[in-house]
1. Can you give me the Cα centroid spacing of segment 1-79 and segment 85-119 in angstrom?
2. If we restrict to alpha carbons, what Rg and Dmax does segment 22-115 come to, in Å?
3. Determine the calculated [θ] at 222 nm for the chain from helices alone, applying -39500 (n - 2.57) to every DSSP H run no shorter than 4 residues and normalising by the residue count; nearest 500 deg cm²/dmol.
4. State whether segment 1-74 is rounded, prolate or oblate according to the following rule on the C-alpha gyration tensor (a ≥ b ≥ c being the square roots of its eigenvalues): a/c under 1.5 gives rounded; otherwise a/b larger than b/c gives prolate, and the remaining case gives oblate.
5. Given the whole protein assembly as supplied and a 1.4 Å probe, what does the accessible area of TYR202 come to in Å², nearest 10?
6. For the chain, take the longest principal axis of its alpha carbons; what is the angle in degrees between that and the long axis of helix 19-31, to the nearest 10 within 0 to 90?
7. Of the heavy-atom accessible surface of segment 53-202 (probe 1.4 angstrom), what whole percent is carbon and sulfur?
8. Only four residue types carry charge here, +1 at the Cβ of Lys and Arg and -1 at the Cβ of Asp and Glu. Report the dipole size of the chain about the Cα centre in Debye, rounded to the nearest 20.
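The values are calculated or read from the model by the stated rules, or taken from the named source; none is laboratory data. Note that this is a predicted model, so its numbers are computed, not measured. Glycine gets a Cβ as well: all are built from the backbone with ideal geometry, and neighbour counts include every protein chain shown. These accessible areas exclude ligands, DNA and RNA; they are computed on the full protein's heavy atoms, side chains included. Shrake-Rupley method; radii C 1.70, N 1.55, O 1.52, S 1.80 Å.
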Amino acid sequence: MAVTPRVGLFGGAFDPPHNTHVALVRAALAQLRLRELRVLPTGHAWHKARTLSDAVYRVAMARLAFEPLGPVVVDARETLRSGPTYTLDTLRELRAEQPGTEFVLMLGTDQAAALPTWHGWRQILQLAVVAVAERLDDAGHAIAFDPNSLPDLPAGARFESLRLAPADTSATDIRQRAAQRQDVTALVPPAVARYIDQHHLYRQPDEH
């Protein structure tokens, strides 16, 4: 019997990509039986109050952070769209491009709980499996997500668990540290740290 190929999808601002993102990608490659993992830097983040760094920088940093990890492709399609970035649009495009592929959408527990606020969330659950990154607490116990907590959960919605070790890396903290010219090499991949420094990212304009 032929095995249906599985492609993971990991979206985010990646402003910047940091070590917890890297750990999630490594865990997904190890646990989810993926043929490929696509990292999707967001374009216009309608749900974020702040303005993101230029997509050119975020895509470049994502490639430095993730592509050395294995069968990972940084897919910049969402940064090339005008208007808000919607996961549903991306899933529909990918399904048309790769018929017969099972797509696995990787989310954190907070994002999974917020799914009902997403554009077309019920259609998303018809087009993809959702792999929820369940962090372990300090005692090693999973902080579980219950899909049945979602209102009017569509029939046939599929969820899987992705286990992650405890981590508290924050992109906001990294940006603040970089703005103050503090060392961020312990928080991001070395190539990303060099890129941030070389391009003077997150500093005030008069500090270049």
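1. So the separation of the two Cα centres works out to 13 Å.
2. When restricted to Cα atoms, segment 22-115 yields Rg and Dmax of 13.7, 38 Å.
3. -9000 deg cm²/dmol
4. prolate
5. Surface open to solvent at TYR202 totals about 40 Å².
6. Around 30 degrees separate the two axes.
7. 49 percent
8. 360 debye
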